[in-house]
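Colleague: Take a look at the following structure, please.
The values are calculated or read from the model by the stated rules, or taken from the named source; none is laboratory data. What you are looking at is a predicted structure, and each value in this text was computed from that prediction instead of being measured. Just so you know, the surface numbers come from the protein's heavy atoms only, side chains and all, with ligands and any DNA or RNA stripped out. Shrake-Rupley method; radii C 1.70, N 1.55, O 1.52, S 1.80 Å.
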Amino acid sequence: QVQVVESGGGLVQPGGSLRLSCAASGSIFWLYVNGWYRQAPGKQRELVAGIRGGGATNYADSVKGRFTISGDNAKNTMYLQMNSLKPEDTAVYYCHVHVGPYNYWGQGTQVTVSS
């Protein structure tokens, strides 16, 4: 059974930074799009950032220039560096990764941006 564990969430003041990590117990298949999503209370889950083989990335317009997605193949880990955080970034963040022929969701990590 593949385990996908997220970490790095927490409470941060506006303008602050956090780095989320998503560690898989198996090899992440980077040829497919792997990504970070978020879900705020009362809203649908939305794609924040995606990454695939070759380093191609895409971002939601709301986070462009502030968030950076990256991956470490040797560590089977995907990251989301979040800078210049805003209160509207408050949400539960989920990673979604492909390991072998299957895809997996992390358990979610809460990010709260508040003064």
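Colleague: Most fluctuating residue of LEU18, LEU31, LEU47 in a GNM of the chain with Cα springs under 10 Å: which is it?
Modeller: Comparing LEU18, LEU31, LEU47 in the GNM, the peak value goes to LEU31.
Colleague: Across bins of 10 angstrom width beginning at 0, how are the C-alpha pair distances of the chain distributed, in whole percent?
Modeller: Percent of pairs per bin, in order: 15, 50, 29, 6, 0.
Colleague: Report the Cα-based extents of the stretch 70-115 along its three principal axes, largest first, to the nearest Å.
Modeller: That works out to 42, 19, 11 Å along the principal axes.
Colleague: What does the accessible area of ASP72 come to, in Å² to the nearest 10, when a probe of 1.4 Å is used?
Modeller: About 40 Å², ignoring ligands and nucleic acids.
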